[in-house]
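Participant: Here it is, the structure, as structure tokens.
The values are calculated or read from the model by the stated rules, or taken from the named source; none is laboratory data. The structure presented is a predicted model; accordingly, all values stated were derived computationally and were not measured. Quick reminder, even Gly has a Cβ in these numbers, built from the backbone with ideal geometry, and neighbours come from all protein chains shown.
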Protein chains: 2
Amino acid sequence: MAYASLIGAEVRRREDPRLISGAGRYVGDMSLPGMQHVAFVRSPYPHARIGAIDSSAALRVPGVTAVVTGEDLRDACTEMLFEGSEGSDVAEGESPKYSHYPISVGKVRHVGEIAAAVIAVSPAAAADGAAAVVIDWQPLPAVADMEQALRPDAPLLFEGAKNNIDHVWKRKRGDVEDAFANAHRVVKLRMVSQRLSGVPMEGRAVLTALDPMTEGLTVWTSTQAAHWIRRDLAKMLGMAENQIRVIAPDVGGGFGVKIGVYPEEAALAALTRRMGMPLRWVETRLEHMQATTHGRAQIADYEAAVTADGVVTALRARVVADLGAYPVSAGIPDLTGMMAVGVYRIPAVDYEITCVYTNTTPVAAYRGAGRPEAAYYIERLMDAVAYELHLDPVEVRRRNFIPPDAFPYKTPVGPIYDSGDYDKALSKALEVGRYADWRAEQQQRLAARAAGERVPLLGVGIACYVEMCGFGPYESAHVRVEPSGTVTVMTGISPHGQGSATTFAQIVADQLGADFEKVIVRSGDTALTPMGNGTMGSRSLAVGGGALVRAIARVREKARRIAAHMLEAALDDVVFDDGRYHVKGAPDSGLTLVQIAERAYSDDLPDDVDPGLEATDFFKPPALIYPFGAHLAVVEVDPDTGIVTVRDYVSVDDCGPRISPLIVAGQVHGGLAQGIAQALFEEVVYDENGQLLSGSLMDYTLPRADDLPAFVVEQTVTPTPHNPLGAKGIGEAATIGSTPAIVNAVVDALKHLGVRHIDMPLRPEKVWRACRQAQDGA
Amino acid sequence: MAYASLIGAEVRRREDPRLISGAGRYVGDMSLPGMQHVAFVRSPYPHARIGAIDSSAALRVPGVTAVVTGEDLRDACTEMLFEGSEGSDVAEGESPKYSHYPISVGKVRHVGEIAAAVIAVSPAAAADGAAAVVIDWQPLPAVADMEQALRPDAPLLFEGAKNNIDHVWKRKRGDVEDAFANAHRVVKLRMVSQRLSGVPMEGRAVLTALDPMTEGLTVWTSTQAAHWIRRDLAKMLGMAENQIRVIAPDVGGGFGVKIGVYPEEAALAALTRRMGMPLRWVETRLEHMQATTHGRAQIADYEAAVTADGVVTALRARVVADLGAYPVSAGIPDLTGMMAVGVYRIPAVDYEITCVYTNTTPVAAYRGAGRPEAAYYIERLMDAVAYELHLDPVEVRRRNFIPPDAFPYKTPVGPIYDSGDYDKALSKALEVGRYADWRAEQQQRLAARAAGERVPLLGVGIACYVEMCGFGPYESAHVRVEPSGTVTVMTGISPHGQGSATTFAQIVADQLGADFEKVIVRSGDTALTPMGNGTMGSRSLAVGGGALVRAIARVREKARRIAAHMLEAALDDVVFDDGRYHVKGAPDSGLTLVQIAERAYSDDLPDDVDPGLEATDFFKPPALIYPFGAHLAVVEVDPDTGIVTVRDYVSVDDCGPRISPLIVAGQVHGGLAQGIAQALFEEVVYDENGQLLSGSLMDYTLPRADDLPAFVVEQTVTPTPHNPLGAKGIGEAATIGSTPAIVNAVVDALKHLGVRHIDMPLRPEKVWRACRQAQDGA
């Protein structure tokens, strides 16, 4: 009997027929009887007191039902809950008392903050109503720049605070002073990881309705973490967790900006409780740019103490991280610190991240969340070392790599890397990418330009990354074999594009003998699934898959017991093999899962076997895990126009074993696009007063397909010991590796001109200007 | 620390605030975007060929989208699935090939059968469209009377059949012939258990919608058995079970008529798959009377061989059971046979039930389903024995009771009664009811009437019943303690008025230490709950409660493990007691479930304890169980008008331990009303041609509150050994006991006139006529 394992098979995504054919069901597609619509009145000021609110004109707009202010709703819902930083060795900030109700009370602290809600019978009437609300704004001095926010004379965001600092994350390990004192050279670099916006295709959207059954609420929301939304809404509204059912239907992308509870979710929940009718709000793109959390937004000053051979003996870093107006996820910059040394054995580190408030949209998780910044800094620094020592950047990296025999490796800043072989990944990238040929071509271009040809310059960029993922505290899975033998999985993760329904179906089919095509994976519904933590931080397969494998094992064990009964064999003699349950050595006698399931729900079971064929299990990862990889980019740069074209891209990523290679490739492709976009295109821009200048997709430059080359996606496979699948996570990897690879490549193309660094995004004007300045300076 | 157990506590129903305040959510309350409405074209003939169907006028009705015939839908859905009789010793019928598509093809066999469906944008347009469909009906000879249907010249319902018999259930045990040959007397009685209609306050209703996530369907339907509907629809539509999600939201009564899949459910499912849009159908009351299955509908000829002391030595019975036009649940009459001997030790039995088709609405489960008929027959027969031998009916019963020391008792017809003390229940009823006083009063009335006073006659009726319930094959429960310590239960039963959410919450609170007010019980949703079997046959607590107790035990065991960790105690030293988890002998040190739950979902757990605090379990009852009781009724009968008034009613029911006495009392009250209504009021009437004469609530007489006395509800408690709670079931008990008690009381009032029996319902005209005939005959 031929049997092909589905683990590692090139299967098509189960989700795609639905999504591609327009049958996806998003919150904005949903409608309930009696539903009304909410529009928010948002602050046009970066910092202002909310004076008198005059609703009279708004209430005269046809179709407007109510105008609700923060004061009106103050008793219905607590202030927003914020996640503090937990990882700090030394949390030094003043941690002011931040007051932020879902509909703000008293003050607003960034453009786009909510000051009132308008409920109306149509979205248009709600929008018209919102436009007609008159607020007596009293503008306050604002600070939008994170370094200015640190000045003693900066306007303060929070009353009673001594400064705008939330906390300072610090680590000092090893003899840093000694290393710098004895360094052959100190290489310094100031780098900006600019502020980005998530921009999923589907913005946020919320629909709330009373649930008479629980005297509670059902909340449909476009989220990555349904259970967390439930937990926080329950706390904020003073309800029992099981009175709130949070459902994430199809979610059109998240990228980290849909993890935490938002003011709009809490406001709609409180408003539905107050008003009684179902309410829906669907974010506009302007609202997304103004009010959905941003990512990155750091400025880093790095110094490396290096030997003459390019070995880094110490790292000193002073980073400022912009939290925006509220500490939505203040611990994320700490991750930058934890990943400070990247793939390198740097014995001494002095690291300090100052997390500061500004009158801007809050900054929280965005694909990679703290780790792309770390990889960007250390990989740019390695290129700077190579530049200053006139070494090949490959060679500098090899001289500093943590060697394969050093794992598990505890870095000076804390993390314990589980497993890795960084040179293997780099070597594979160099081999696949024909590195030597590219270097030769680069020289030919220089020669041609010297000869007067106006050919573009060629740059080769290298980035080696390691990231931290597999975050707990746990994940859950429920596996239910239906009487007909089809399998339903309920998982605590909450995928929103990752293809987990496919990957999980492969695992179920393979490890349980189920029909892959008929496995249904349900998620993102707090009533349906066991308590879970959602999809973020590349944790789905590593943690959620771990729970799934455990639940499958329980079900398989029970299936074996029933099979033993049916086959009249001893339990120990029955094995699951090649998709069937059979007596050892007699595979042809085997039973299928369909046969066993039918029996499991019949009344023909031995007394010691309960009916049913399903199990729940949880997986608590014993430690964090560290995927890694090496990226290689070739760019063409036209020094006369500053235009950068990515010509070749090789991505070697080690996420452990690949269950679904097509899905891994998809994650890599998307991650590369997003990481390259940070390098070249995207940037959220505020003016000095805190006005958002990039509030539309005319101003915020997303990458398009024709901005990107065909990617060469390769792999090494280094399983982690920390979960049953050995899986490491791939969701963020390519985003992390690609940003420094591209910037390194562009700078590499211009290094002969004396260009040492250009801050992202590397738009033509900036590149052109850098070329001119370098040439002028030369 | 004071702790009051919730088991047996007089708590209020958790469901009632929602239901009483109009916040219940029924299928008819639901609406989906793009939803359209279905109306059915139903046969006005009891038996006819469906000729040409002209839809042209219907399609011209504004708002009509489509007219769909059985032929149109034939490939989309199989014929209806019918449950054959499984329990027959000898299944003798010809079992014809019954063809019955959801929308009938070729032929209809009862008034109200579906011949076409009209889809329209409003219910009114759909109804107008249905009225405009022109069908060229070709009427066929019909038979509506079950005894006529047995005649050799009767019209046949099914082509190719030799007769109209589905099957004959037979049991013959003991030396019946010998007993009759040696009898002191043979007591004969012919009894009709007339046809009834379920008439829940909410009729049936179905809403179907495509579910893109599973490429399947969501079906909201007013059902008692969501999983069974799913199973049958999956088979009929050729889909995987987990592609269909069946949801029973609030259901406004079932009484057995909402158990099986109906043509309307299958038709809407198939139509939504074909047309794409959500479809809703809400039954009218006329449709309910015509097309929702009926109950009872039997004629029984009983003969008892008795000794001079009134001891029954043998029973011979010939019963005809009307199945209506299709074998929707053909095994139900078999239950009448299985309960043939009631509470009596009758050593020899010859029982035969012939199940026959007629051109009437199918007959299936209705509160008690086969068992009320059995109790009615044997209890009427016992009164006839008493009448003929001039014995007190109490004495006759006591002479025939199965004695308490005979349990477990295997009856000659098969069942093994688990436990019982029938005389104890009867004695309690007699004591509570002051039986002797009533008999004296009865004599006073007779004397008064003899003296010319026109006081009503008094009758005292006794009925002792035993019923069979706790049907398997199993039930399921999932218990989830949320991180905040509130508990959610998912149960495979599907309550529709029973109050199981309250009863289950009491058990959870008591056995797990949860907050009773915050326990949420979810049911009736095939995606939410483990595979279950629904609510019918008084099985909720006995079987569903058994699963719940097992799941709770698993969760409690895990809670103990976590508590041991938190208390730094050995697992064996930690006990759950008085609602807390504490070290033996140190109750004040105890932990609450809330504290343990918080820890269960934290990352502070020992390595050998998985996160989470939930469990699923199944309970497979080892055997059936047999609740019993004794009912006592006092009626006043005015022989001049025939008006019967129920003056006193004592119900002593033994359902084992009572978790929720208030809910048990409610079940008893409702059951008494329904059982008394069969005795006095209700009857589905067909004319000889098969036209339904009782198609509205003007014609079908439901009992009203002022038709009923205040009930005295008492109990004995004889736990069953067959489930963890010892619970026996109470849902049907009072219905079963009350019908014979009332008829016995009315006949008792008239026995001095020579009235020996009157067939139900005992309407004034019938009672008056019986009195007149008796007096005329005397």
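Participant: Quick one: in the stretch A:460-484, which of the residues that are assigned to a loop (DSSP other than H, G, I, E, B) and not charged (D, E, K, R) is modelled with the lowest pLDDT? Please lay out each step first, then the result.
Facilitator: Residues of the stretch A:460-484 that are assigned to a loop (DSSP other than H, G, I, E, B), as a first pass: A:467-468, A:470-474, A:482-484.
Of the ones still in play, those that are also not charged (D, E, K, R) are A:468, A:470-474, A:483-484.
On the way: A:Met468: 96, A:Gly470: 94, A:Phe471: 93, A:Gly472: 89, A:Pro473: 92, A:Tyr474: 96, A:Pro483: 96, A:Ser484: 94.
Going through the qualifying residues, I end up with A:Gly472.
Participant: So, in the stretch B:465-480, exactly how many residues are closer than 25 Å to A:Arg230 by Cα and more than 9 Å from chain A (Cβ to nearest Cβ)?
Facilitator: Filtering the stretch B:465-480 down to residues closer than 25 Å to A:Arg230 by Cα leaves B:477-480.
After this cut, where a residue has to be more than 9 Å from chain A (Cβ to nearest Cβ) as well, the list is B:477, B:479.
Result for the stretch B:465-480: 2.
Participant: With the condition kept exactly as written, say whether any residue in the stretch A:493-510 is at the interface with another protein chain (Cβ under 9 Å from one of its Cβ atoms), within 22 Å of B:Glu215 (Cβ to Cβ), touching a helix residue (DSSP H, G or I) at 6+ places or on another chain (Cβ under 6 Å) and of a type in the set (Val, Ile, Thr).
Facilitator: Among the residues of the stretch A:493-510, not one is at the interface with another protein chain (Cβ under 9 Å from one of its Cβ atoms), within 22 Å of B:Glu215 (Cβ to Cβ), touching a helix residue (DSSP H, G or I) at 6+ places or on another chain (Cβ under 6 Å) and of a type in the set (Val, Ile, Thr), which makes the answer no.
Participant: Then there's this: What number of residues within the stretch B:510-560 are under 27 Å from B:Ala4 (Cβ atoms), of a type in the set (A, V, I, L, M) and more than 23 Å from the chain's Cα centre (by Cα)?
Facilitator: Within the stretch B:510-560, residues that are under 27 Å from B:Ala4 (Cβ atoms), of a type in the set (A, V, I, L, M) and more than 23 Å from the chain's Cα centre (by Cα) number 10.
Participant: Continuing with this model, one more query. Only residues that are touching a residue at least 40 places away in the same chain (Cβ under 8 Å), touching a strand residue (DSSP E or B) at 6+ places or on another chain (Cβ under 9 Å) and away from chain A (no Cβ under 14 Å): list them for the stretch B:562-589, please.
Facilitator: Start the filter on the stretch B:562-589 by keeping residues that are touching a residue at least 40 places away in the same chain (Cβ under 8 Å), which leaves B:562, B:565, B:576, B:578-581, B:587-588.
Filter once more, so that each one left must be touching a strand residue (DSSP E or B) at 6+ places or on another chain (Cβ under 9 Å): B:562, B:576, B:580-581, B:587-588.
Correct list: B:Phe576, B:Arg580, B:Tyr581, B:Pro587, B:Asp588.
Participant: Residues that are farther than 23 Å from B:Pro721 by Cβ, surrounded by fewer than 23 Cβ atoms within 10 Å (Cβ to Cβ) and among the aromatic types (Phe, Trp, Tyr): does the stretch B:381-393 have at least one?
Facilitator: yes
Participant: Which of (1) in contact (Cβ under 8 Å) with a residue 40 or more places away in the chain; (2) crowded, with 24+ Cβ neighbours inside 10 Å; (3) among the aliphatic types (A, V, I, L, M) does B:Ala209 not meet, given it meets every other one?
Facilitator: Looking at each condition in turn, B:Ala209 falls short on (2).
Participant: Counting only residues that are crowded, with 24+ Cβ neighbours inside 10 Å and either within 12 Å of chain B (Cβ to nearest Cβ) or within 29 Å of the chain's Cα centre (by Cα) (or both), how many does the stretch A:618-643 have?
Facilitator: If we filter the stretch A:618-643 for residues that are crowded, with 24+ Cβ neighbours inside 10 Å, which is where we start, we get A:618-619, A:625-635, A:637.
After this cut, where a residue has to be either within 12 Å of chain B (Cβ to nearest Cβ) or within 29 Å of the chain's Cα centre (by Cα) (or both) as well, the list is A:618-619, A:625-635.
Qualifying residue count for the region: 13.
Participant: Enumerate the pairs (first residue in the stretch B:690-715 and assigned to a loop (DSSP other than H, G, I, E, B); second residue anywhere and at pLDDT below 95 and surrounded by 16 or more Cβ atoms within 10 Å (Cβ to Cβ)) with beta-carbon separation below 9 Å, excluding pairs fewer than 6 apart on the same chain, so at least 6 apart or on different chains.
Facilitator: Going by the 9 Å Cβ cut-off, there are no qualifying pairs.
Participant: Return only the number of the condition from (1) surrounded by fewer than 20 Cβ atoms within 10 Å (Cβ to Cβ); (2) on the phi < 0 side of the Ramachandran plot that A:Gly8 does not satisfy.
Facilitator: (2)
Participant: Same structure again: Quick one: would you say A:Ser540 is crowded, with 18+ Cβ neighbours inside 10 Å, farther than 30 Å from B:Leu624 by Cα and polar (S, T, N, Q)? I'd like the intermediate steps shown before the answer.
Facilitator: Numbers: crowded, with 18+ Cβ neighbours inside 10 Å: yes; farther than 30 Å from B:Leu624 by Cα: yes; polar (S, T, N, Q): yes.
Judged against the criteria, A:Ser540 is a match.
Participant: Across the stretch A:590-610, what is the number of residues that are within 13 Å of another protein chain (Cβ to nearest Cβ) and modelled with pLDDT under 95?
Facilitator: 9
Participant: Residue under question is B:Ala547, and the condition is that it be within 18 Å of B:Phe471 (Cα to Cα), in contact with an Asp or Glu (Cβ under 6 Å, 6 or more places away or on another chain), surrounded by 23 or more Cβ atoms within 10 Å (Cβ to Cβ) and modelled with pLDDT of 95 or more; does it hold?
Facilitator: So B:Ala547 passes the test.
Participant: So, of the residues in the stretch A:435-457 that are in contact with a strand residue (DSSP E or B) (Cβ under 6 Å, 6 or more places away or on another chain) and touching a residue at least 60 places away in the same chain (Cβ under 8 Å), which turns out to be nearest to A:Lys728 (Cα to Cα)?
Facilitator: A:Trp438
Participant: Let me ask you something else. When both residues are 6+ apart or on different chains and their Cβ atoms are under 9 Å apart, which pairs have a first residue that lies in the stretch A:9-28 and is within 9 Å of another protein chain (Cβ to nearest Cβ), and a second that is part of a loop (DSSP other than H, G, I, E, B) and among the hydroxyl-bearing types (Ser, Thr, Tyr)?
Facilitator: none
Participant: I've got another one for you. Can you name the strands (runs of 3 or more DSSP E) wholly within the stretch B:198-305 that have at least 2 residues being within 14 Å of chain A (Cβ to nearest Cβ)? Write out each step before concluding.
Facilitator: Numbers: elements: B:205-211, B:216-221, B:244-247, B:279-282.
Counting at least 2 such residues, we get B:205-211, B:216-221, B:244-247.
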